[in-house]
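Structure record follows, encoded as structure tokens.
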Amino acid sequence: MRINNSMMTVKPYTASGSKKKQVKQMFDRISGEYDKLNHLLSAGIDIRWRKKTLAELGNVQPDAILDVATGTGDFALMLHDHWPEAMVTGLDLSPGMLEVAGKKVAKAGLENSIDLVEGDSENLPFEDNFFDLVTVGFGVRNFEHLSKGISEMQRVLKPGGKLAILEFTKPRTPVVKQLFQWYFKHLLPRIGGAISGDTAAYRYLFDSVQAFPEYEALTDIMTGAGFSKTYYKPLTFGICCIYIGEK
Ligand SMILES: C[S@@+](CC[C@H](N)C(=O)[O-])C[C@H]1O[C@@H](n2cnc3c(N)ncnc32)[C@H](O)[C@@H]1O
């Protein structure tokens with residue numbers, strides 16, 4: 001039983017105990033296989049989704065960018081490619097994921113442009129009004145206290161700064177919905193489990209997407225945290241969605 005009904009909180013391993021601890025443990029466990037599995041299971045479409053998120057931000061010229069839940073650093077590296085003059089900070093809870101990110105940053109010779117920080121999105125170790133842009137790719141679903149995490153991102157943004165969230169959603173188009181649910185619920189945990197050795201992690205992926213607030217429910221939380229001009233843009237038959245807000 002992984003769903004704690006009273007809190008509607010889905011956790012990777014057990015219904016009792018802290019979600020944050022379990023999430024950290026899960027990403028530490030799968031960090032070595034994360035990139036390979038990510039691109040395999042999404043057929044590389046995750047790269048397109050991150051690019052579309054950056055395109056959605058338009059002509060912003062950020063000096064300081066924070067990528068929350070940076071994981072193995074793909075979004076942080078893409079942010080650097082897009083805005084080479086900006087300083088990018090990637091923050092994550094999992095030392096295992098950050099270790100992989102660190103190797104990629106070092107291989108690209110970008111240690112002076114991309115800073116990796118171990119930390120919690122719900123208690124960001126940065127001063128108020130510091131970043132011009134905050135991004136988070138496939139991270140918010142894993143927060144233990146979603147509103148707190150969104151409020152923290154608002155706090156560290158400068159007035160006028162933008163937040164871009166990329167997250168899975170549940171497709172609503174009839175045939176796509178059935179096919180995708182079958183793939184996501186049955187096939188993906190088998191492949192993910194066989195390669196990573198952690199089937200629960202890939203079951204959690206399905207369960208957490210089912211329970212996560214999407215579309216207006218998430219933009220309402222963003223508005224409640226002080227963001228304005230919030231909107232969302234579904235991608236690829238509604239498998240994924242970009243959410244934008246301004247401080
Ligand atoms: C699915 S991965 C996404 C990684 C990356 N952003 C990407 O697009 O591939 C989710 C990441 O969120 C991180 N995470 C989960 N909860 C977090 C929290 N409270 N604070 C910081 N990072 C967190 C996990 O450690 C994990 O690396």
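Please treat every number below as a calculation from the coordinates, not as lab data. Computed from a prediction, not measured in an experiment: that's the story for all the values here. Cβ placement follows ideal geometry from the backbone for every residue including glycine, while neighbour counts extend to all protein chains displayed.
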Fewest-first ranking of 231, 13, using other Cβ atoms within 10 Å as the exposure measure: 231, 13
Taking Cα atoms only, helix 95-107 is inclined relative to the longest principal axis of the chain by an angle, in degrees rounded to 10, of 50 degrees
Karplus couplings for region 180-186 from phi (6.51 cos²θ - 1.76 cosθ + 1.60, θ = phi - 60°), rounded to Hz, Gly and Pro as x? 5, 4, 5, 4, 5, 7, 10
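Relative contact order for the chain using alpha-carbon pairs under 8 Å, separation at least 6, rounded to a whole percent?
Numbers: 448 pairs, mean separation 48.5, N = 247.
Normalised by residue count, the contact order of the chain is 20 percent.
On a 22 Å Cα-Cα criterion, which of the cross-link pairs 36/107; 24/170; 52/185 come out too long?
Working: 36/107 17 Å; 24/170 24 Å; 52/185 26 Å.
Those over the limit are 24/170; 52/185.
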Distance from the Cα centre of region 172-198 to that of region 43-80, in angstrom? 25 Å
When the Cα centres of region 200-225 and region 119-134 are compared, how far apart do they sit, in Å? 21 Å
Quote the charge dipole size of region 122-194 about the Cα centre in Debye, to the nearest 20; the model charges only the Cβ of Lys and Arg (+1) and of Asp and Glu (-1). 580 debye
Quantify how much of the Cα-Cα distance distribution of the chain extends past 22 Å, in percent. 52 percent
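Could you please report the charge total around residue 241, scoring K, R as +1 and D, E as -1 over all other residues with beta-carbon less than 12 angstrom from its beta-carbon? Before the final figure, lay out each step's value.
Working: positive: 52, 141, 170, 172, 233; negative: 56, 167, 214, 216.
Summing Lys/Arg as +1 and Asp/Glu as -1 gives +1.
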Within the set 136, 176, 156, GNM on the chain using Cα springs under 10 Å gives the largest fluctuation to 176
If you put +1 on each Lys and Arg Cβ and -1 on each Asp and Glu Cβ, how big is the dipole of region 70-205 around its Cα centre, in Debye rounded to 20? 960 debye
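If each DSSP helix of 4+ residues adds -39,500 (n - 2.57) and the sum is divided by the residues in the chain, what number results at 222 nm, nearest 500 deg cm²/dmol?
Values: 9 runs with 108 residues, N = 247.
Roughly -13500 deg cm²/dmol at 222 nm, from the helical runs in the chain.
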Where the only charges are on Cβ atoms (+1 Lys, Arg; -1 Asp, Glu), what is the dipole of the chain about its Cα centre, to the nearest 20 debye? 1040 debye
GNM result for the chain, Cα springs below 10 Å: residue of 206, 126, 27 fluctuating most strongly: 126
Surrounding net charge for residue 83, when Lys and Arg each add one and Asp and Glu each subtract one, Cβ distance under 11 Å: -4
